[in-house]
Amino acid sequence: KNYQHVLGGTMGNLVVMVDALGRQVSKLSEEKPLPGKPLRVTIDSGLQRAAAEALGDQVGAIVALDPRSGAVRALVSQPAFDPEYFAGFLDRTYWQQLLADPRKPLTNRALQALYPPGSTIKPLYAAGALSDGSRQPGDVVFCTGAVTIYGHPYRCWQAGGHGRVDVETAVEVSCDSYFYYLARDAGLEKLAAWADAFGLGRPTGIDLPGEAAGLVPSDEWSRRARGHKWFAGETISVGIGQGPILATPLQLAVAYAALVNGGFLVRPHLVGEAAQPPRPCGLSPEALAHVRLGMSRVVHGQRGTARRLANLGPPLLAGKTGTSQVVRKREGVKW
């Protein structure tokens, strides 16, 4: 759809004179049709196939970007539909099936579905806090498994806690307590600024239509959208990627590319001509280095939450796990 002007070519035009019976008498003018041009995309067919097979029948999306340029190497959304049905006459029964499917196959989940990022946002906050001095690499929190803030208990996912935790360890073990305290001390405005630095809350600019902007909350947003002020306790939940903060898989891929490439936001694209130079996100290289070390320990550390993947390399793997609560789902639908 977005590259129809390239692929579609130009329609021809023929003007003729006919007699009273509709028979052609003469040709007045003719413009020859021009064929469309070939379009080379950045997708790696092998990686795309592997991603689709890995996702299988599950509902979700997979995005793979080249973190240096933003070139999209794989983009999968499931469930999908057969585009051949849309070439020519569209069968009404098939169309009604697509509309009635509660899994919404017409939604491109990679760039339109909005999810609470959960713990995948923790490296972004860690990088922001280290960059602006809100935290130092050696600052330690003692995690007992639960904290009380504003008179309300907030539990860490690890029953019994993680003990002494610095920023790299907090990323490795995904310690909620560390980020509860960080959210309390930083406040919503700083959390929003750190998320904004990585491109959350606005479209990435991919050369595909219909991209969602996501949501990075603020007091102004709360008053406008919900009719009441922002409550301080909500900031604590946002500190671990829960509550009213939403991102697309594509936005998270762009954010993680910035963690990898030294702090530059790329514009994801599927056609080389749409590429734009990466732009700095304003975070210090030292902060990003600490976060990358923590993300390496997620896979290779003794307590890493993805340590079962350690044997998949080489190359050296790094990453971050994340699980978000499902607030509600349609009755009768298995997720």
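Label-to-label distance for Val271 and Gln24 is 3.3 nm, based on points extended 7 Å past Cα in the beta-carbon direction.
For region 175-217, the C-alpha radius of gyration sits at 1.47 times the compact-globule guess of 2.2 N^0.38 Å, with N the residue count.
Computing mean projected area of the Cα convex hull in nm² directly from the structure and comparing it against (i) 31.7; (ii) 33.2; (iii) 24.0 singles out (iii). Counting 0.36 nm for each residue step from Lys104 to Asn13 and taking away their Cα separation leaves a gain of 28.7 nm.
Ordering Val59, Asn2, Ile43 by the projection of their Cα atoms onto the charge dipole of region 1-67, which places +1 on the Cβ of Lys and Arg and -1 on the Cβ of Asp and Glu, puts Asn2 at the extreme positive end. In a simple Cβ point-charge model (Lys, Arg +1; Asp, Glu -1; nothing else charged), the chain has a dipole of about 420 debye relative to its Cα centre. To the nearest 0.05, how large is the calculated FRET efficiency for Thr144 and Phe86 if R₀ is 45 Å and r is the Cβ-Cβ distance? It comes out at approximately 0.20. The slack in the chain from Leu309 to Ala289, taken as 0.36 nm per residue of separation less the alpha-carbon distance, amounts to 5.1 nm. Which shape class applies to region 125-190: rounded if a/c is under 1.5, otherwise prolate when a/b exceeds b/c and oblate if not, where a ≥ b ≥ c are the square roots of the Cα gyration tensor eigenvalues? Judged from the Cα gyration tensor, region 125-190 comes out oblate (a/c at least 1.5, b/c at or above a/b). For region 189-282, treating each Cα as an identical point scatterer without solvent, what Debye log10 I(q)/I(0) comes out at q = 0.17, 0.18, 0.21 1/Å? Calculated log10 I(q)/I(0) at the listed q: -0.77, -0.84, -1.05.
Using alpha carbon centroids, what distance separates region 172-204 and region 245-310, in Å? Spelled out, the Cα-based centre of one part sits 15 Å from the other.
Estimated at the nearest 10 Å², the accessible area of Asp132 is 80 Å² with a 1.4 Å probe.
Taking all protein chains as present, what is the carbon and sulfur share of the accessible area of the chain, in % to the nearest whole number, probe 1.4 Å? Carbon-and-sulfur percentage of accessible area, whole number: 54. When its C-alpha radius of gyration is set against 2.2 N^0.38 Å (N residues), region 138-247 gives a value of 1.19.
Computed from the alpha carbon positions, the gyration tensor of region 153-192 leads to an equivalent ellipsoid with semi-axes of 19, 12, 7 Å, biggest first.
Normalised per residue, the accessible area of the chain is 56 Å², obtained with a 1.4 Å probe and no contribution from ligands, DNA or RNA.
Listed values for region 213-220 are Karplus-derived 3J(HN,Hα) couplings in whole Hz (6.51 cos²θ - 1.76 cosθ + 1.60, θ = phi - 60°), namely 8, x, 8, 10, x, 8, 5, 4, and x replaces Gly and Pro.
Taking 0.36 nm per residue of sequence separation and removing the Cα-Cα distance, the Ala193/Arg40 pair yields an extension gain of 51.4 nm. Residues Phe264, Phe179, ordered by accessible area of protein heavy atoms at a 1.4 angstrom probe radius and largest first, appear as Phe264, Phe179.
Among Tyr125, Tyr154, the order of accessible area from largest down is Tyr154, Tyr125, computed with a 1.4 Å probe on protein heavy atoms. Taking square-rooted eigenvalues a ≥ b ≥ c of the alpha carbon gyration tensor, is region 42-172 rounded, prolate or oblate, where a/c under 1.5 means rounded and, failing that, a/b exceeding b/c means prolate? It is prolate, given that a/c is not under 1.5 and a/b is the larger ratio. Residues Phe198, Phe86, sorted by accessible area with the largest first, give Phe86, Phe198 [1.4 Å probe; ligands and nucleic acids excluded]. Ordering Ala274, Gly160, Ile240 by Cα displacement along the dipole of the chain toward the positive end leaves Gly160 in first place; charges were set at the Cβ atoms of Lys, Arg (+1) and Asp, Glu (-1). Note on region 14-53: with charges restricted to the Cβ of Lys and Arg (+1) and Asp and Glu (-1), its dipole about the Cα centre is near 100 debye.
The values are calculated or read from the model by the stated rules, or taken from the named source; none is laboratory data. Just so it is clear, the model here is predicted, and its values are computed rather than measured. Here the Cβ is made from the backbone with ideal geometry for all residues, glycine too, and neighbour counts use every protein chain on show. Calculation scope for accessible area: heavy atoms of the full protein, side chains included, ligands and nucleic acids excluded. Shrake-Rupley method; radii C 1.70, N 1.55, O 1.52, S 1.80 Å.
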